[in-house]
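Engineer: This is the structure I have questions about; it appears just below.
The values are calculated or read from the model by the stated rules, or taken from the named source; none is laboratory data. Bear in mind the structure is a predicted one, so any value in this text is a computation, not a measurement. Reconstructed Cβ throughout: ideal geometry from the backbone, glycine too, with neighbour counts over all protein chains shown. In case anyone asks, the SASA skips ligands and DNA or RNA and just uses the protein heavy atoms, side chains included. Shrake-Rupley method; radii C 1.70, N 1.55, O 1.52, S 1.80 Å.
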Amino acid sequence: QVQLVESGGGLVQAGDSLRLSCVASGRALSNYAMGWFRQAPGKEREVVATISTRGGTTYYSDSVKGRFEIDRDNAKSTLYLQMDSLNAEDTAVYYCAARRLTTATLADLYDNWGQGTQVTVSS
């Protein structure tokens, strides 16, 4: 098991940027594929972006492609999500997640989750 703690959320205006961080502990992060997911009120949790164990392969949902960037620093056991050009539809609780070895876009395939960080974008 790996423990995950997100930070960096907040209240911003449309067009602003935020950078989320997720610090891992308990296991070597390099053994885990990582993902950012989000859940808005009344909606199911959805994938935002994923990244392979060493960062060579990334995936972005269509709704964030070109605006968000996922990155990781295994030496610092930290996952990042740079979010630019935020809009009201990005308002949600953002979660980081980890699973052994290979990436996936389905939330059910991840067995390690952080507690989430709230991102609110006012229009």
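Engineer: Within region 1-52, list the GluC sites (Glu not before Pro) lying in a DSSP loop whose Cβ has at most 12 other Cβ atoms in a 10 Å radius.
Structural biologist: On the way: sites: GLU6, GLU44, GLU46; in loops: GLU44.
Those satisfying the criteria are GLU44.
Engineer: Separate question: Using a Gaussian network model of the chain whose springs link C-alpha atoms within less than 10 Å, name the residue from ASP111, ASP90, ASP71 with the highest mean-square fluctuation.
Structural biologist: Highest fluctuation among the options: ASP111.
Engineer: Ok, one more. What is the percent carbon and sulfur in the accessible area of the chain, measuring with a 1.4 Å probe over the protein chains and ignoring ligands?
Structural biologist: Working: 2820 of 6210 Å².
Looking at the chain in its full context, I get 45 percent from C and S.
Engineer: Could I ask something else about it? Mean-square fluctuation check for the chain, GNM, Cα pairs under 10 Å: which of ARG54, ARG100, ARG67 is largest?
Structural biologist: ARG67
Engineer: How are the Cα pair distances of the chain distributed, in percent, across 10 Å bins from 0?
Structural biologist: 15, 51, 29, 5
Engineer: Hey, can you find the accessible area per residue of the chain for me, probe 1.4 Å, expressed in square angstrom? Write out the running numbers ahead of the final one.
Structural biologist: Values: 6210 Å² over 123 residues.
With all protein chains present, the chain gives 51 Å² per residue.
Engineer: Treat every Asp and Glu Cβ in the chain as -1 and every Lys and Arg Cβ as +1, leave all other atoms uncharged, and give the resulting dipole magnitude about the Cα centre to the nearest 20 debye.
Structural biologist: Working: 12 positive and 13 negative charges, 83 e Å.
Dipole of the chain, to the nearest 20 debye: 400 debye.
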